[in-house]
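One structure is given here, and the rest of the page talks about it.
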Amino acid sequence: MVDRLKIFLSIALLCFSAYSQADSSSDFEDGEHLFRTAGGYGCSTCHGMYAQGGGNVGGNIRGKSLEDINTVLDNEPTMKLLSEVLNSHKRQLLGNYLTTLGELPLVEWIIEDKPNQKIVSIDNGQLSQLVILNKLFEPIELSISPVNPASVQIKPYETQAFQWTPEPGVIQLKFKQSVLEIHIK
């Protein structure tokens, strides 16, 4: 009888764990969708597709908490427009989404029509995110190996993100006069 009880409890714990992980993943996806659509235009309009700022007026908000969101929605005049649209559950979803994004080290590369060179440093071995914004009026094709082994195509004013676990060394990415150098320590 004791063995059956242990087996039953083990199975119940595994099921709860799987449900909890699926629920967490679903919450992340719901938060991401809300981030892109809230109020009909989404937070991404001002804060970038991955909350990285993207040179937009709202800036980088990765890592912001529910408390941060509530403070801004209640006190910032431009954000009060969304305050009534975002109930407590939706605010919690946004908070979870932004907190999770904040755990990923960010490397942002904005490709535009003027020469620029950016040098960043990140730690090796930690899942990281490269966010590329194409601010050109033409599609581009990039080789971003070893971040992503296949070449990528990015439409005009499109943002794409790539996750990878960096290894020590230096990665230099180039497109015409735009250069990104990533030092991995």
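The values are calculated or read from the model by the stated rules, or taken from the named source; none is laboratory data. Since the structure is predicted, the reported quantities are computational estimates derived from the model, not experimental observations. A quick note on method: Cβ atoms are made from the backbone with ideal geometry, for glycine too, and the neighbour counts reach across all protein chains shown. Protein only, heavy atoms only, side chains kept; ligands, DNA and RNA dropped before computing areas. Shrake-Rupley method; radii C 1.70, N 1.55, O 1.52, S 1.80 Å.
Tabulated values for the structure
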quantity: For the chain, accessible area per residue (1.4 Å probe, heavy atoms of protein chains only), Å²; calculated: 60
quantity: From the coordinates shown, semi-axes √(5λ) of the Cα gyration tensor in Å corresponds to which of [x] 23, 21, 17; [y] 34, 26, 14; [z] 22, 18, 17; calculated: [y]
quantity: Within the accessible area of the stretch 28-185 (1.4 Å probe), percent carbon and sulfur; calculated: 50
quantity: The stretch 111-128 residues near the modelled E181 label - backbone nitrogen below 16 Å, point 7 Å along Cα→Cβ; calculated: 116-122
quantity: Gain on full stretching of the segment that runs from E67 to S88 - 0.36 nm per residue minus C-alpha separation; calculated: 6.4 nm
quantity: Theoretical gain in end-to-end length, N75 to K114 [0.36 nm per residue, Cα-Cα removed]; calculated: 10.4 nm
quantity: Helix axis angle, 66-75 relative to the chain longest principal axis, alpha carbon, degrees; calculated: 60
quantity: Rounded to 10°, Cα long-axis angle of helix 88-102 versus longest principal axis of the chain; calculated: 60
quantity: Extension reserve of the I122-N56 stretch, reckoned as 0.36 nm per residue once the Cα distance is removed; calculated: 21.4 nm
quantity: Note, ³J(HN,Hα) from phi for the stretch 169-183, Karplus 6.51, -1.76, 1.60, rounded to Hz, x at Gly and Pro; calculated: x, 10, 10, 10, 10, 9, 9, 6, 9, 9, 10, 10, 10, 10, 9
quantity: Nearest-0.05 FRET efficiency for V170 and R36, computed from C-beta distance (R0 25 Å); calculated: 0.15
quantity: DSSP bridge pairs, the chain: antiparallel proportion in percent, nearest 5; calculated: 55
quantity: Folded to 0 to 90 degrees: helix 2-37 orientation relative to the chain principal axis, Cα; calculated: 30
